[in-house]
Amino acid sequence: MEKPFLSACLIVKNEEKVLRRCLESLQGAVDEIIVADTGSTDKTKEIASEFTPHIYDFVWIDDFSAARNFAAQHASGEWVLSVDADEYLDRDSLLKSLEVLRSPENELSMFTAEIISFTGEQGEGTATHRMGRVYRRNKVEYVGAIHEQLSGAGGMGSLPLTFYHYGYLQHVVKEKKKDERNLAILRAELRSGKATGFTYYNYGQELMQLERWEEALQAFMTAYERKPNMQAAWIPHTLLSIIKTLFQLKRYSQALTVAAEAEKAWPDSPDFLFWRGEVYRQQGRLADAKEVFHHLLARSYAHVIVLFDAKEYLPHERLAVIYEQEHRPQEAVKHYVAAMNVKGPIELLVWRLARILSKHHEAEEVVVFLEKHKMLPTKRSRLNLIRKLVHEGHIELSLRLAADEFEPPIQTAIMCKAAILSEPHLEPDMMELSEETVSTALQLGLMDLGDLCVLYYYRRDEALKSFFQGKGTRQLIPSLFQEGKAKKADQQQFLQVLEKALVAKRYAFIEYLLLYAEKYSHALDAKMADLFYWHGYSDIALNLYQSAPDSQLTKQGYENVVLWLREHGEEEEAVRIAKEAAAKFPADFRFYPYILESHALDKEQWLARALEQYPDSHYLRQKSTP
């Protein structure tokens with residue numbers, strides 16, 4: 001019998017949801033499969049037995065390397081392929097890799113493989129990295145209790161081998177709850193006195209998953225300080241993590257400094273340039289951000305560190321968002337479509353696209369466009385789109401999307417929401433809303449408690465109160481409608497109800513809520529003004545901005561006032577407010593262009609102030625050129 005050449009080795013625990021897909025990708029592609037189980041209590045071992053007789057129990061000792069080495073000890077192949085249960089193999093890439101391994105010229109003992117990880121809620125994001133996954137069984141072993149690395153005689157090479165990994169999807173991360181376990185292992189390693197820079201990098205990664213940004217930054221900084229050299233594979237990952245944590249901490253100038261230096265060291269990677277554009281966008285430097293994202297699309301990058309999507313998908317998506325902000329719908333649509341040509345019909349992008357199209361086209365035309373481009377592949381995706389659209393008031397489009405696609409209870413629930421949004425000058429009594437219908441609409445996410453408050457204002461139906469049984473909502477109806485001795489409504493809940501009334505265009509109820517808002521003594525005026533402006537009630541918004549205390553005006557509020565004044569031809573006053581905002585928020589870029597594009601006599605002084613804040617701005621440098 002011929003000796004096995006390649007053995008796939010896995011360590012598993014309670015992987016019944018993902019293991020079958022992994023093993024199916026390996027079956028027939030490798031010579032044997034070895035499974036080390038560290039204490040499964042589900043059907044993991046039963047599933048594994050359908051693919052291999054080589055299943056062994058390993059007592060978990062908080063050491064991933066020990067478990068992987070245990071599995072390899074039971075292998076008989078010349079080479080070991082290390083696999084995780086939440087991955088599946090690209091079989092074509094394995095065939096190419098076997099040619100490299102079998103080559104007489106191959107003197108290496110270890111090889112890396114590409115791991116493409118799907119991220120986000122639905123896998124809409126993609127990250128890539130390389131890890132040591134293939135090695136000679138008797139010459140190499142794993143070291144490190146966690147985030148283990150290959151170590152042994154012989155050099156390290158790179159194989160054209162690809163794994164697809166879905167363990168970073170949001171629902172999987174929440175379900176697995178690995179963060180605290182991993183932190184405990186890493187803290188023990190830090191206390192041992194044997195910690196390396198790579199240990200601190202992994203420690204930072206776990207802290208970042210928990211959104212403990214300041215601690216994560218310190219760990220990454222320590223990792224970088226302890227780097228053995230700049231050639232270590234984890235160094236660019238550490239720098240990207242430093243940039244990400246600085247971004248989350250709003251320390252933008254520091255993030256840009258790190259990104260600029262890293263770009264020099266890795267000029268053939270899109271990752272650092274993308275983050276530069278992302279910081280510009282967050283700062284409101286839209287012209288600078290657009291320049292970066294267009295540059296990313298114009299180039300071909302040979303090496304991706306992590307962000308595979310930074311080559312094409314993310315630049316298109318970010319440009320679409322920026323053009324939508326700038327009220328350039330044609331450009332926004334072009335880039336949303338281009339982004340989905342890369343990644344497929346991502347629900348968030350389909351919603352944004354449908355929202356733009358609905359402003360310029362009839363509902364029937366929008367639905368035909370979405371269906372023609374296969375942007376509604378399942379009933380679930382269609383219903384998710386309807387949920388988003390109905391809450392924004394796109395009722396005609398929502399009804400057209402629902403037509404002939406759903407069972408009667410769902411159709412009725414959508415009509416229930418439509419009853420609130422239809423005919424704004426009339427009371428919403430065009431259909432009988434049974435308790436069952438309302439309950440279905442709530443369960444499907446087509447209605448919420450804010451919608452019920454709108455209904456209650458017009459109907460005063462006591463049955464509606466039965467849906468307000470949560471600890472934080474039980475008093476909402478009595479408070480909002482001044483029944484009995486209830487205290488005034490919670491501020492956040494009041495704002496949520498106000499937004500529902502604005503979307504539904506229920507003018508009588510809006511007037512009632514404006515009067516009710518006097519109970520808050522102008523404390524909510526600025527936030528209310530932001531809502532009114534966003535939903536198209538700009539004149540009312542301006543009155544509220546005027547009555548709001550200056551200390552409560554948001555950055556968006558100031559910009560809304562500037563935009564209103566410009567739309568009404570009051571350019572001089574708009575510039576005055578822009579200067580006031582720029583003085584109050586000197587690190588917010590958005591106000592400088594309003595001043596610099598005007599006829600203000602002191603433009604040069606403001607340009608100098610802006611350049612102090614943003615010396616790397618190409619937009620500002622162009623303004624300073626005679």
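The values are calculated or read from the model by the stated rules, or taken from the named source; none is laboratory data. Note that the structure is predicted; figures quoted are calculated from it, not measured. Virtual Cβ from ideal backbone geometry, glycine too; neighbours counted across all protein chains shown. Ligands, DNA and RNA are excluded from the accessible area calculation, which covers all protein heavy atoms including side chains. Shrake-Rupley method; radii C 1.70, N 1.55, O 1.52, S 1.80 Å.
Worth pointing out:
- Computed as a quarter of the hull surface, the mean projected area of the alpha carbon convex hull for segment 359-414 stands at 3.7 nm².
- Each of the peptides 611-621, 5-15, 386-396, 270-280 was scored by the mean count of other Cβ atoms within 10 Å over its residues; in descending order, highest first, they stand as 270-280, 5-15, 386-396, 611-621.
- With every protein chain in place, segment 509-626: carbon and sulfur % of accessible area (1.4 Å): 52
- Partner lysines for Lys374 [C-alpha distance under 26 Å; skip if fewer than 8 residues away on the same chain]: Lys311, Lys334, Lys343, Lys359, Lys388
- Normalised by the number of residues in the chain, the average gap of Cα pairs under 8 Å and 6 or more apart makes the relative contact order 6 percent.
- Antiparallel bridges, percent of DSSP beta bridges restricted to the chain (to nearest 5): 50
- Cα gyration tensor shape of segment 137-276, rounded if a/c is under 1.5, else prolate or oblate by comparing a/b with b/c: rounded
- Annotation for segment 330-379 versus segment 210-256: alpha-carbon center distance of 37 Å.
- Overall form of segment 3-115 per C-alpha gyration tensor (a/c, 1.5; a/b vs b/c): prolate
- Of all accessible heavy-atom area on segment 116-248, the percent that carbon and sulfur account for (1.4 Å): 50
- Its relative contact order, with pairs defined as Cα atoms under 8 Å and 6+ residues apart, puts segment 180-325 at 15 percent.
- Relative contact order, percent, segment 37-114 [alpha-carbon distance under 8 Å, six or more residues apart]: 19
- Helix 507-516 axis, angle to the chain major axis (alpha carbon atoms, nearest 10°): 90
- Straight-line cross-link reach from Lys227 at under 20 Å between alpha-carbon atoms covers these lysines, not counting any fewer than eight positions away in the same chain: Lys194, Lys244, Lys264.
- Checking [x] -0.57, -0.70; [y] -0.50, -0.64; [z] -0.45, -0.61 against the coordinates, the calculated log10 I(q)/I(0) by the Debye sum over Cα atoms at q = 0.06, 0.07 Å⁻¹ falls under label [z].
- Packing rank of 585-591, 604-610, where each peptide gets the mean count of other beta carbons within 10 Å, highest leading: 585-591, 604-610
- Peptides 512-519, 255-262 ordered by average Cβ neighbours within 10 Å, highest first: 255-262, 512-519
- Taking every protein chain into account, the 1.4 Å probe leaves Trp351 with about 40 Å² of accessible area, to the nearest ten.
- Where a label projected 7 Å from the Cα of Ala153 along Cα→Cβ would reach, residues of segment 90-124 with amide N under 19 Å: 105-111
- Only protein atoms count toward the accessible area here, which uses a 1.4 Å probe; on segment 280-383, the carbon and sulfur part of that area reaches 52 percent.
- For the chain, the per residue solvent-accessible surface stands at 49 Å², with DNA, RNA and ligands left out and a 1.4 Å probe.
- Cut-off under 5 Å, modelled amide H: who pairs with Asp588 long-range: none
- In the chain, the calculated helix contribution to ellipticity at 222 nm averages -16500 deg cm²/dmol per residue, counting -39,500 (n - 2.57) for every DSSP H run with n ≥ 4.
- Here segment 521-581 and segment 117-160 have alpha carbon centers that stand 53 Å from each other.
- Shape category assigned to segment 238-296 from the gyration tensor of Cα positions, a/c cut at 1.5: oblate
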